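**Q** Structure below; questions to follow.
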2 protein chains.
Amino acid sequence: MASAASNAASEVLELADPLPLDGGQRLDGVRIAYNTYGTLNDARDNAILVAHATTGDQYVASQHPITGKPGWWDRMVGPGKPIDTDRFFVICPNVIGGCMGSTGPSSMASDGKPYAMRFPVITIRDMVRAHVILLESLGIETLHAVIGGSMGGMQALSLAANWPHIPRRVLAIASTATMAAQNIAFQEVGRQAIMADPAWAGGNYYDNDTGPDSGLAVARMAAHITYLSEESLTSKFGRRLQDRPDGKPGAKSFGFDADFQIESYLRHQGLSFTTRFDANSYLYITRAMSYFDLDEEHGGKLADAFARTQARFCVISFDTDWLYPTEQSRKLVHVLNAANAPVSFVELSAPFGHDSFLLDVPALDRVVTGFLNQ
Amino acid sequence: MASAASNAASEVLELADPLPLDGGQRLDGVRIAYNTYGTLNDARDNAILVAHATTGDQYVASQHPITGKPGWWDRMVGPGKPIDTDRFFVICPNVIGGCMGSTGPSSMASDGKPYAMRFPVITIRDMVRAHVILLESLGIETLHAVIGGSMGGMQALSLAANWPHIPRRVLAIASTATMAAQNIAFQEVGRQAIMADPAWAGGNYYDNDTGPDSGLAVARMAAHITYLSEESLTSKFGRRLQDRPDGKPGAKSFGFDADFQIESYLRHQGLSFTTRFDANSYLYITRAMSYFDLDEEHGGKLADAFARTQARFCVISFDTDWLYPTEQSRKLVHVLNAANAPVSFVELSAPFGHDSFLLDVPALDRVVTGFLNQ
């Protein structure tokens, strides 16, 4: 049993059997890197699976080994926090396709070389299939809850739809059951930015001095804008100019330096991302997201996806999230209603756009706390 | 006098004097390429200046010499059309900084080599300053109207603010008086995509076999998404898959080809753009837009910008335009009200997002017709 009172470094599960994939292939030698927090009780019924978003990882509530920053949901997961590790055993796995220890395109294939683009295209359900095997290995048959924002919400919904006996509560935040055209479009731009970078080299850059950092940075910049609301960009940056290197107040340079603070901020976001994320992983994970369509998976009858679920659902959207707008959550709620699944739905008011699920939104804390204690 | 009953090819004005620029430089040997339609009347009071948007040009109502497509506002400009060339003399200049004949970064500097990044950073007001000299050369002291959408609207507002004696009517469609942080952010991504392309070569690619087509295509793809509404992307593409090359119905490839129609469409938009647009021009024109702030130009008192105007204003926004949302038009209207300028304002309902000003929106035709005949 994975008792884990203290768990700073990731644990790794090596799968004994090949992992079957939706694309028809079987992936050998799969490793799943994960962190746990809290203690699994004797009844083994207090586990919560936290699924991370596109560029997240298993460091949900521990310092990130590369950036040194606190966990990405440190404010939500911990002793006395909404996802209370004094009561719950929290498991957060890195998705397959990722680059923080779980098997992905940067992992070694059986020939001792990185998979690169030989890595099979995976789906959200493939990621969840790996999570399920991880749960089995930990002796967990049912989850108190599965929780995720954005792509994490998709994993939560996929678990509920495909392994309906596992989760007793499903919490999908700022997410969707079906990737919309606009999201597919933005993800395609990100992939094209990476693949347009000559340093991408068809994905075979692992032995080179540099990878497609420029392309990955551009992809991140474009994505980052979509995570924020227009309002938050205006209040945080507006048209404020960057101070000059000599400390003097900013002025238009009449050049192409980052004159505006928002420009400088975006460049920084793009560059710093390349230090912690693998460009090929970005390709594979966004591809999995663009393929995500629970409706199609269930023969065009989304309600059928949830026909066998025993879980309660909680669906949360944010009023300033234009990437996964409330309308998409509402659609999901209608489907859950049609499937007679108990579901609560709330659109929270928060200024931060899609990123609201990661940021200081006290109302979100209250909803999560309440739902986990129902 | 530029009588121009038939005017398929562009005319070009060569400025005798250097053009003073907001950045403090003076630009020598400026050429302004423009098209005209209709005939200037004897009173010289029936001229309408149509200002083009970011990647537009002077081919507002004539076949484009590179793409062979009809003019970008063919539906609006012509005999019997809302901007009726049977009655009005329509002038559409290519902005300086552009690449369709007006002086820009691809033009030859005095040393016989292309300016490239030696071209000075220009502003929207600099573009308009060139337009004003063009009007003078045509013997036009007052305009019946100045009209533009998006960046064209900015030029219209800049003309009204800085040369208040010239336009009698000002029509700004899907535009703003001050570029917002989100727009600056998207433009920065586009520029970074271009400058990240090694083929950009610091801007000195004109003598090379290839320019930064990949970077420019990515910039265009990202921008193109912002021109469309989520609704139009969903109704036009949704999650529909691309037919296969062999004509069979589309299926997920479990690869990185353009599986979805929206992906294929975006790739096409990106690639085809590179055949007609210069990457350095894209840098300079988006830079000019990010600098656009009529408020700052007038000491933080936007109403002062319009204190001396004699013009009537018409401000139009579209309900699905999230790039230049109605709120920005409404702000402008409040300022015009504060300046006691006669202004009518309408938010039109149209499904096409920001691009609505270019597309089939009969209500727009009616508003334009009505305003020009007031």
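The values are calculated or read from the model by the stated rules, or taken from the named source; none is laboratory data. None of the values given here were measured: they were computed from a predicted structure. Cβ atoms come from the backbone with ideal geometry, glycine included; neighbour counts cover every protein chain shown.
**Q** Quick check, is B:G202 in contact (Cβ under 8 Å) with a residue 60 or more places away in the chain, within 12 Å of another protein chain (Cβ to nearest Cβ), farther than 26 Å from B:F318 by Cα and more than 23 Å from the chain's Cα centre (by Cα)? Even if it seems obvious, please write down each step before you answer.
**A** Numbers: in contact (Cβ under 8 Å) with a residue 60 or more places away in the chain: yes; within 12 Å of another protein chain (Cβ to nearest Cβ): yes; farther than 26 Å from B:F318 by Cα: yes; more than 23 Å from the chain's Cα centre (by Cα): yes.
Judged against the criteria, B:G202 is a match.
**Q** What pairs can you find where one residue is in the stretch A:182-199 and within 7 Å of another protein chain (Cβ to nearest Cβ) and among the basic types (K, R), the other is in a helix (DSSP H, G or I) and surrounded by 24 or more Cβ atoms within 10 Å (Cβ to Cβ), and their Cβ atoms are less than 7 Å apart, with a gap of 6+ or different chains?
**A** Close Cβ pairs (under 7 Å, with a partner that is in a helix (DSSP H, G or I) and surrounded by 24 or more Cβ atoms within 10 Å (Cβ to Cβ)) amount to A:R191/A:L283; A:R191/A:T286.
**Q** Determine whether the stretch B:271-281 contains at least one residue that is of a type in the set (D, E), modelled with pLDDT of 95 or more and touching a helix residue (DSSP H, G or I) at 6+ places or on another chain (Cβ under 9 Å).
**A** Yes.
**Q** Could you please tell me which pairs satisfy a Cβ distance under 9 Å, a separation of 6+ or placement on different chains, a first residue in the stretch A:326-338 that is free of Cβ contacts under 8 Å to residues at least 40 places away in the same chain, and a second residue that is among the hydroxyl-bearing types (S, T, Y)?
**A** Within 9 Å, the pairs are A:T326/A:S317; A:E327/A:S317; A:R330/A:S317; A:V333/A:S344; A:L336/A:T309.
**Q** Out of the stretch B:255-280, which residues are among the hydroxyl-bearing types (S, T, Y) and either free of Cβ contacts under 8 Å to residues at least 24 places away in the same chain or buried (at least 23 other Cβ atoms within 10 Å of the Cβ) (or both)?
**A** Of the stretch B:255-280, the ones among the hydroxyl-bearing types (S, T, Y) are B:264-265, B:272, B:274-275.
The one that is among the hydroxyl-bearing types (S, T, Y) and either free of Cβ contacts under 8 Å to residues at least 24 places away in the same chain or buried (at least 23 other Cβ atoms within 10 Å of the Cβ) (or both): B:S264.
**Q** Also, quick follow-up: Please work out if A:R168 is more than 28 Å from A:G370 (Cα to Cα), touching a strand residue (DSSP E or B) at 6+ places or on another chain (Cβ under 7 Å) and in contact (Cβ under 8 Å) with a residue 24 or more places away in the chain.
**A** On the way: more than 28 Å from A:G370 (Cα to Cα): no; touching a strand residue (DSSP E or B) at 6+ places or on another chain (Cβ under 7 Å): yes; in contact (Cβ under 8 Å) with a residue 24 or more places away in the chain: yes.
Against the criterion (more than 28 Å from A:G370 (Cα to Cα), touching a strand residue (DSSP E or B) at 6+ places or on another chain (Cβ under 7 Å) and in contact (Cβ under 8 Å) with a residue 24 or more places away in the chain), A:R168 does not qualify.
**Q** On the basis of being in contact (Cβ under 8 Å) with a residue 60 or more places away in the chain, in a helix (DSSP H, G or I) and polar (S, T, N, Q), does B:S232 make the cut?
**A** Values: in contact (Cβ under 8 Å) with a residue 60 or more places away in the chain: yes; in a helix (DSSP H, G or I): yes; polar (S, T, N, Q): yes.
The answer is yes for B:S232.
**Q** Confirm whether B:G104 is surrounded by 23 or more Cβ atoms within 10 Å (Cβ to Cβ) and either assigned to a loop (DSSP other than H, G, I, E, B) or among the β-branched types (V, I, T) (or both).
**A** On the way: surrounded by 23 or more Cβ atoms within 10 Å (Cβ to Cβ): yes; either assigned to a loop (DSSP other than H, G, I, E, B) or among the β-branched types (V, I, T) (or both): yes.
Criteria met by B:G104.
**Q** Another question, then. Can you tell me which residue is farthest from the other protein chains (Cβ to nearest Cβ) among those in the stretch B:281-315 that are among the small types (G, A, S) and touching a residue at least 12 places away in the same chain (Cβ under 8 Å)? Let's see the steps before the verdict.
**A** Taking the stretch B:281-315 first, the residues among the small types (G, A, S) are B:281, B:288, B:290, B:299-300, B:303, B:305, B:307, B:311.
Subsequent filtering for residues that are touching a residue at least 12 places away in the same chain (Cβ under 8 Å) retains B:281, B:288, B:290, B:303, B:305, B:307, B:311.
Numbers: B:S281: 13, B:A288: 10, B:S290: 7, B:A303: 18, B:A305: 16, B:A307: 22, B:A311: 26 Å.
Here the answer is B:A311.
**Q** Okay, moving on. Would you list the strands (runs of 3 or more DSSP E) that sit entirely within the stretch A:1-99 and hold 1 or more residues that are closer than 26 Å to A:Q374 by Cα and under 22 Å from the mean Cα position of the chain (by Cα)?
**A** Details: elements: A:11-14, A:31-37, A:47-51, A:89-93.
The strands (runs of 3 or more DSSP E) meeting that bar are A:31-37, A:47-51, A:89-93.
**Q** Let me ask something else about it. Which ones in the stretch A:67-90 are without any contact (Cβ under 8 Å) to a residue 40 or more places away in the chain and over 22 Å from A:R169 (Cα atoms)?
**A** A:G68, A:K69, A:P70, A:G71, listed by residue number.
**Q** A:L358 fails exactly one of the following numbered conditions: (1) away from chain B (no Cβ under 14 Å); (2) surrounded by 15 or more Cβ atoms within 10 Å (Cβ to Cβ); (3) more than 17 Å from the chain's Cα centre (by Cα); (4) not β-branched (V, I, T). What is the number of that condition?
**A** Here A:L358 meets the rest and fails (3).
**Q** Is it the case, given these coordinates, that A:F313 is outside the structural domain of A:H52 (by TED's automatic domain parsing) and in contact with a strand residue (DSSP E or B) (Cβ under 7 Å, 6 or more places away or on another chain)? Lay out the reasoning, then the answer.
**A** Numbers: outside the structural domain of A:H52 (by TED's automatic domain parsing): no; in contact with a strand residue (DSSP E or B) (Cβ under 7 Å, 6 or more places away or on another chain): yes.
No, not satisfied.
**Q** Sticking with this one: Quick check on the stretch B:212-230: of everything there that is farther than 15 Å from B:A196 by Cα and more than 7 Å from chain A (Cβ to nearest Cβ), which residue is surrounded by the most Cβ atoms within 10 Å (Cβ to Cβ)?
**A** The qualifying residue surrounded by the most Cβ atoms within 10 Å (Cβ to Cβ) is B:L228.
Residue-by-condition table, conditions (1) touching a residue at least 60 places away in the same chain (Cβ under 8 Å); (2) within 20 Å of B:G153 (Cα to Cα); (3) touching a helix residue (DSSP H, G or I) at 6+ places or on another chain (Cβ under 8 Å):
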site: B:N35; (1), (2), (3): no, yes, no
site: B:D42; (1), (2), (3): no, no, no
site: B:I48; (1), (2), (3): yes, yes, yes
site: B:P65; (1), (2), (3): no, no, no
site: B:C92; (1), (2), (3): no, yes, no
site: B:S102; (1), (2), (3): yes, yes, yes
site: B:M108; (1), (2), (3): no, no, no
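**Q** With respect to A:L323, is the statement that it is of a type in the set (A, V, I, L, M, F, W, C), in contact (Cβ under 8 Å) with a residue 24 or more places away in the chain and away from every other protein chain (no Cβ under 14 Å) true?
**A** Values: of a type in the set (A, V, I, L, M, F, W, C): yes; in contact (Cβ under 8 Å) with a residue 24 or more places away in the chain: yes; away from every other protein chain (no Cβ under 14 Å): no.
So A:L323 does not fit the description; no.
**Q** In the stretch A:118-134, which residues are part of a helix (DSSP H, G or I), closer than 12 Å to A:Y291 by Cβ and touching a strand residue (DSSP E or B) at 6+ places or on another chain (Cβ under 9 Å)? Don't jump to the end; show me each part of the working.
**A** Going through the stretch A:118-134, the residues part of a helix (DSSP H, G or I) turn out to be A:118, A:124-134.
Narrowing further to those that are closer than 12 Å to A:Y291 by Cβ: A:124-127.
Scanning the stretch A:118-134 gives A:D126, A:M127.
**Q** Among the residues that make up the stretch A:165-180, is at least one of them under 18 Å from B:G190 (Cβ atoms), within 12 Å of chain B (Cβ to nearest Cβ) and within 21 Å of the chain's Cα centre (by Cα)?
**A** No: zero hits.
**Q** Which is outside the structural domain of B:F89 (by TED's automatic domain parsing) and within 29 Å of B:T320 (Cβ to Cβ), of B:A172, B:A145, B:A193, B:A161? Write out each step before concluding.
**A** Working: B:A172 fails: outside the structural domain of B:F89 (by TED's automatic domain parsing); B:A145 fails: outside the structural domain of B:F89 (by TED's automatic domain parsing); B:A161 fails: outside the structural domain of B:F89 (by TED's automatic domain parsing).
Selected residue: B:A193, the only one of B:A172, B:A145, B:A193, B:A161 that is outside the structural domain of B:F89 (by TED's automatic domain parsing) and within 29 Å of B:T320 (Cβ to Cβ).
**Q** A further question follows. Could you identify the single residue in A:G152, A:G139 that is surrounded by 24 or more Cβ atoms within 10 Å (Cβ to Cβ) and either small (G, A, S) or farther than 30 Å from B:S235 by Cβ (or both)? Before the answer, list the steps.
**A** On the way: A:G139 fails: surrounded by 24 or more Cβ atoms within 10 Å (Cβ to Cβ).
Residue meeting the stated conditions: A:G152.
**Q** Name every residue in the stretch B:237-252 that is surrounded by 15 or more Cβ atoms within 10 Å (Cβ to Cβ) and more than 8 Å from every other protein chain (Cβ to nearest Cβ), in order of residue number.
**A** Hits for the stretch B:237-252 are B:L241, B:Q242, B:G250.
For every residue, the table says whether it meets (1) hydroxyl-bearing (S, T, Y); (2) more than 16 Å from the chain's Cα centre (by Cα).
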| residue | (1), (2) |
| --- | --- |
| B:S272 | yes, yes |
| B:I285 | no, no |
| B:A288 | no, no |
| B:L294 | no, yes |
| B:T309 | yes, yes |
| B:L323 | no, no |
| B:N337 | no, yes |
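**Q** On the given criteria, is B:R191 out of contact with any Cys (no Cβ under 9 Å at 6 or more places or on another chain), charged (D, E, K, R) and under 25 Å from B:F371 (Cα atoms)? Can you show your working first?
**A** Details: out of contact with any Cys (no Cβ under 9 Å at 6 or more places or on another chain): yes; charged (D, E, K, R): yes; under 25 Å from B:F371 (Cα atoms): no.
For B:R191, the condition - out of contact with any Cys (no Cβ under 9 Å at 6 or more places or on another chain), charged (D, E, K, R) and under 25 Å from B:F371 (Cα atoms) - is not met.
**Q** Just checking, which of B:A258, B:A350, B:A288 is of a type outside the set (D, E, K, R) and not in a loop (DSSP other than H, G, I, E, B)?
**A** On the way: B:A258 fails: not in a loop (DSSP other than H, G, I, E, B); B:A350 fails: not in a loop (DSSP other than H, G, I, E, B).
Matching residue, one of B:A258, B:A350, B:A288: B:A288.
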